[in-house]
Amino acid sequence: MVNYANLNILIADDEAPARNRLRTLLGDIENIRVVAEAKNGRELLDIINRSQSEQTSTDIVLLDIRMPEMDGIETAQHLQKLPKPPAVIFTTAYDTYAIKAFDMNAVDYLLKPIRIERLQTALQKARVLLPNQLEALAPLSPKRSHLSISERGRILLVPISDVIYLRAELKYITVRTAEREYLIEESLAHLEQEFSNLFTRLHRNCLAANAYILGYEKRNQDEHAEKQWVALLKHVPETITVSRRQQHLIRQNML
Amino acid sequence: MRKTSRLPNLRNLGVALRILIIANAALMLGAFVLSDGIETFLYQLTSISTFAQPTLLVCLFLLYSCYNFLNKTSYRQAIAFIFILITLGTTAVHGFFSQFWIFSDLPSLPRMLVYAWIIGAIILYYFNLHHRAYSPAITEARLQALQARIRPHFLFNSLNAVLSLIRDQPKQAETALEDMADLFRVLMAENRELVPIAQEIALCRQYLALEKLRLDERLNVEWLIDDVPPDILIPPLLLQPLIENAVYHGIEPLIGGGTITVQVYTKRNEVHLILKNPYTAQSKHHNGNNMALKNIKERLTLHFDLEASLKSKQVNDTYEVHITLPNQQQKTNG
C-alpha cells in the first residue's frame with residue numbers, strides 16, 4: 001500500500017491530448033503531484049534516472065501501452081531494475097490482447113477515456129508489479145528495443161541497434177557497443193530467440209549483430225593450430241571466431 | 001460494376017475472357033472427340049479454329065456493340081436476340097470464307113450454326129448459374145459483411161482527445177465531435193453503391209483532422225490529386241481504411257512522425273490510387289493490415305470483377321498500396 005499523502009506521479013503517453021486529459025483529471029484529485037510527463041518509455045526512464053540522483057522518488061507511473069520508441073510493457077520491464085521500482089498502472093485505448101493479459105494477471109489498467117472514479121481507485125490500490133506478472137505480459141511486447149542494466153540505482157539503456165555482439169561468459173553476458181562493454185544477467189539462448197532477425201550465432205557463446213559484421217577472414221590464432229575463420233566487426237578491433245558448426249554461414253554470405 | 005439484370009455485362013473484360021475460355025474449351029473438347037491421336041487432335045483443332053475463332057470474335061464484337069440495346073430488353077428477349085446475333089455472325093463468317101476456294105474443308109452452314117448455338121447455350125447457362133451464385137442478394141450480403149470497420153483503438157483515442165479539449169478549447173471540441181459524427185454516419189450507412197471520389201476524399205480529410213488532434217505535428221499528409229475529376233465513381237470507404245492503416249502502422253510507431261502521400265490520377269480508362277507511408281520494421285501487428293487489404297480487395301472484385309486490382313509492396317522505408325480500377329464517371333443527368 002502506497003502512502004496516499006503526497007504521491008509523486010509520472011505520466012507517459014505519446015499523445016499530447018491524452019497527457020492533458022490525465023493531468024486535468026489528476027488535478028482534481030488531492031494529495032497528488034504530477035512530477036513530469038514523458039512522450040515515450042525511453043523519456044520516462046530518463047526522467048526517473050535524473051530524479052533518482054535528486055533523491056526524489058516516483059511512486060506511481062501511468063504508462064500508455066502503445067508508444068513509439070519504447071512501449072509501455074517494455075518500459076515496465078526495465079523499471080524493475082530499479083532498487084525501489086514505482087507502482088505501474090497501464091493505460092490503453094483498446095487492445096483486446098492486452099486487456100486479456102492484464103485481467104489474467106490482475107495487473108491494474110485503465111481504459112481510455114478514463115473516468116476520475118476509476119483513476120482514484122487505481123491510485124489507491126496501486127502497487128509494484130510482481131516479477132511473474134511482468135513475465136506474463138512479456139509476450140505483448142515480444143521484442144525489446146533496448147537492453148537495460150542496473151548501475152548504482154539507475155537504469156542504463158542500451159539500444160539494441162547499438163549492440164555489436166553479445167558474448168556469454170560464466171554467469172553473465174557481455175554486451176559490446178562501440179563505446180564500452182556492459183554485463184547483463186540473461187540467457188544467450190533467450191536473446192538469440194528474441195532478436196533472431198538482427199543477430200547471428202557465430203559461436204557457441206557468441207551472437208554478432210548482422211549490421212556490424214564486415215566480413216570473414218581465415219587466420220592463424222597461434223602458430224601450431226590450423227587456420228580458423230574469424231568475423232571482422234565494425235568499430236571494434238576484436239574478432240569473433242566462427243565455430244566449425246557455423247561455417248556454412250560464411251559460405252551463404254559469400255554467395 | 002454489380003448488375004441487377006440477369007444478363008452478363010458483355011462489355012466487361014472478365015465476362016469477355018470467360019466467354020473466350022469456355023468457347024475454346026468446348027472447341028478443344030470437340031477436336032478431342034473427333035480425333036484418335038495427338039496428331040489428328042492438333043490437326044482437328046487447327047482446322048476447327050480457322051473458322052471458329054473468327055466466328056467467336058465477330059459474335060463477341062456484335063454482342064459488345066448491341067449490349068446497350070440488349071440491356072434494355074427483358075432477359076428472355078435478350079436471350080433470343082443473342083441467338084439471332086450469333087446466327088448472323090456465324091452466317092456472315094461462313095459467307096466470307098466460302099468465297100475462297102482454298103478453304104475446301106469449310107463445314108456446311110447448318111453444321112457451323114449448330115456448333116455456335118450449342119456453345120452459345122453453354123455460355124449463357126454458365127452465366128445464369130454464375131449470376132445465381134453472385135445474385136444481388138448474396139453480393140449485397142457479402143458487401144455488408146465486408147463493410148469496413150473502424151479500429152476501436154481510433155474511436156476511443158479520439159474520444160479521449162475530445163475530452164481533453166472540452167475544458168480549455170470547447171470550439172475545437174465541437175468541430176471534432178462534428179467530424180466524428182460525419183465519419184460514423186458514413187461508416188454505419190449501407191455502403192453498397194459507388195460514390196464520387198470527391199465524397200471519399202472529403203471523408204478522409206475529416207478522419208485525418210481527428211487523427212491530427214491526437215498526433216499533431218507527427219502526422220503530415222500530402223495530397224497529389226489536382227487533376228482528378230471529382231465525379232469518378234469508387235467504392236465507398238476505399239481510401240479511408242487504407243489511410244487509417246497508414247496512420248496506425250506507419251506514423252504512430254515513429255517518434256518524430258512522418259508523411260503519408262495520397263496520389264490519384266487517371267490514365268487512359270483507368271483510375272490509379274497510390275498510398276505511401278513510412279515503413280518501420282518494428283511494427284508488430286501485421287495481421288490487421290492484411291485483413292484490411294484483403295477486405296478491400298474482395299470489395300473491389302465484387303464491384304469490378306477482374307478490372308480492378310490492388311497491389312502492395314515495401315521498398316526500403318516506404319510501404320505502398322496501389323489500386324487500379326476502371327474509370328467510371330457519374331452521369332450528369334443522374
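Structure summary
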quantity: Close pairs (9 angstrom Cβ cut-off, 6 or more residues apart or separate chains): in contact (Cβ under 8 Å) with a residue 60 or more places away in the chain and under 16 Å from A:Asp14 (Cα atoms) in the stretch A:87-98, of a type in the set (A, V, I, L, M, F, W, C) and part of a helix (DSSP H, G or I) anywhere; calculated: A:Thr91/A:Ala18; A:Thr91/A:Leu22
quantity: Which numbered condition B:Ile138 fails, given (1) outside the structural domain of B:Leu45 (by TED's automatic domain parsing); (2) in contact with a His (Cβ under 8 Å, 6 or more places away or on another chain); calculated: (2)
quantity: Residue check for B:Arg218: closer than 30 Å to B:Ile255 by Cα and within 14 Å of chain A (Cβ to nearest Cβ); calculated: yes
quantity: Positions within the stretch B:161-170 being within 19 Å of B:Leu208 (Cβ to Cβ) and surrounded by fewer than 19 Cβ atoms within 10 Å (Cβ to Cβ), in sequence order; calculated: B:Gln169
quantity: All positions within the stretch B:81-111 that are of a type in the set (A, V, I, L, M), within 21 Å of B:Cys66 (Cβ to Cβ) and either touching a helix residue (DSSP H, G or I) at 6+ places or on another chain (Cβ under 6 Å) or surrounded by 13 or more Cβ atoms within 10 Å (Cβ to Cβ) (or both); calculated: B:Ile82, B:Leu85, B:Ile86, B:Leu88, B:Ala92, B:Val93
quantity: Within the stretch A:36-93, tally of residues that are among the hydroxyl-bearing types (Ser, Thr, Tyr) and under 17 Å from A:Pro139 (Cα atoms); calculated: 2
quantity: A:Ile164 being closer than 25 Å to A:Leu45 by Cα and surrounded by 11 or more Cβ atoms within 10 Å (Cβ to Cβ); calculated: yes
quantity: Criterion violated by B:Leu237 - all others in (1) crowded, with 21+ Cβ neighbours inside 10 Å; (2) more than 14 Å from chain A (Cβ to nearest Cβ); (3) in a helix (DSSP H, G or I) satisfied; calculated: (3)
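One line per residue, one yes/no per condition, for (1) within 19 Å of A:Arg66 (Cα to Cα); (2) within 14 Å of chain B (Cβ to nearest Cβ); (3) free of Cβ contacts under 8 Å to residues at least 24 places away in the same chain:
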residue	(1), (2), (3)
A:Gln120	no, no, no
A:Leu123	no, no, no
A:Leu137	yes, no, no
A:Pro142	yes, yes, no
A:Ser145	yes, yes, no
A:Val163	no, no, no
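The values are calculated or read from the model by the stated rules, or taken from the named source; none is laboratory data. No experiment lies behind these values; they were computed from the predicted model shown. Cβ coordinates were reconstructed from backbone atoms using ideal geometry, including for glycine residues, and neighbour counts include every protein chain displayed.
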